[in-house]
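Structure first, then comments.
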Amino acid sequence: MMFDPGARYFGLTLVTWGTGLLALVLVAIAHIALRWWIRRRARAEAAQPTSAADSPTLRYWISRGLSDGVPPLACLLWIQGLNFALTTFAAGLPNKEIGADILRALSLLHGIATVAALAWLLARVARTLESVLTSFASASRSTWDDVFAPFAGRALRLVLPLLAVILGVPALSFSDQAELVLQNAVSLLLIGVVAVLLLQFVGALSQFVIRRHRIDVDDNREARAIFTQVTVLKRIVGLIIVIFAIASMLMVFDSVRRFGTAIIASAGVAGIIVGFAAQKSIATLLAGFQIAMTQPIRIDDVVIVEGEWGRIEEITLTYVVVKIWDLRRLVLPITYFIERPFQNWTRTSADLLGTVFLYLDYNVPMNALRAELTRILNASPLWDKKVSVLQITDTKERTIEVRALVSAKDAGAAFDLRCEVREKLIEFLQRHHPHSLPRVRASLTPVEGAALLNSEAGAAAVHAAR
């Protein structure tokens, strides 16, 4: 039997079948060779540094990048091989019209698959570059790269795949309507990615500033001021970025842009109503901006508002959360701190004076009481060693008012110090000078007074009262 290369099997000649299958075999061989070569390179390099002090070498990162790129590269090889084989089969069909339709469909699928594989490849490359930046940041002693290196890595993982889409989509052959839809989709994707990158950059910048000013230390007044400014400004800038991103997305579509222009041009009364409705919101935003700039309050400030003692826990664009001493939360509009008076105990410094009032008998020994106050304060870790005063501030018919004035580093320490001083001074007087404590003389009837005088205990009580 003579071999006939022109014979057709399933509508295709043996030459066509052989050419297509040979292309697939070559792709499989190239895939196997690529994996073998990458594995050989990977075995030549250490998988990871042996110690924390060592850092990966350039050859290590190249080897890792090639390893990460094997799946998308293999995908690209198979896409090209399958496209060549299927195109060969379609061109060899006896029905040329059907073959032409298949070729057009294959061309479109080939373009889409190639763009998708390139985006996948660039995403894997970006992942490797992100690991390089993270390793560099962890090995460096500076602080800025600990914040901006991860941001740069995340930006690469968004930008590189998007770059493949932006460059590859225009090369695809679509109908006019499909091409318009695809261009709008790419524009929306680009605007969204840019907005996300800007938000991440603002977050990284604010984190960098905050990390340089810690608020978990004793003297944190300046750090709290910067923390408040950065937090409020970050939210304002983030809101502006989101608004501009949404506006830019709407401007992509001509119909929406014209519709918006028509509404603005013809909404006279509606515009006035919206303006009045938005006046309060704009005033609130301006109040938040004013709070960030002038700083009448800061994060962790000790304040007295609505008769409650607490600390500023959160400042947003519209409200402020005050953490009250008993763990309740008082939520106030941010305009409250612009329009109404309040007490800020840590406006210029956190240290505070505390008072302890005692009502004692006229014969109390003041010098001994002053000495005891000094001893109590010297033994207390709550006292900041700045103020220690004991004075008689008022006199009444039966008692005198003694005020102890002490100082502490902050409001919490001042409260605890006042309680400690009050308790120990009373204990000292009870133990050493009980006659200095105030005594109550009850009004007795003549019969009760005679009965009390006739008893030995009653006589002793009357004598003590005198």
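Where a number appears in this text, it was derived from the coordinates with a stated rule and is not lab data. Source: prediction; values computed, not measured. Backbone-built Cβ (ideal geometry, glycine too); neighbour counts: all protein chains shown.
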Problem - Estimated distance in nm for a label pair at VAL331 and THR374, the labels positioned 7 Å out from Cα along Cα-to-Cβ - result: 5.4
Practice task
At a Cα cut-off below 28 Å, give the lysines reachable from LYS386, other chains included and same-chain residues fewer than 8 away excluded.
Solution key: LYS409, LYS424
Fill in the blank from the handout: If R0 = 35 Å, then TRP36 and LEU93, at their Cβ-Cβ distance, give a FRET efficiency to the nearest 0.05 of 0.40
Completion exercise
Counting sequence-distant residues (5 or more places) and residues on other chains, those with an amide H built under 5 Å from that of GLU314 are VAL321
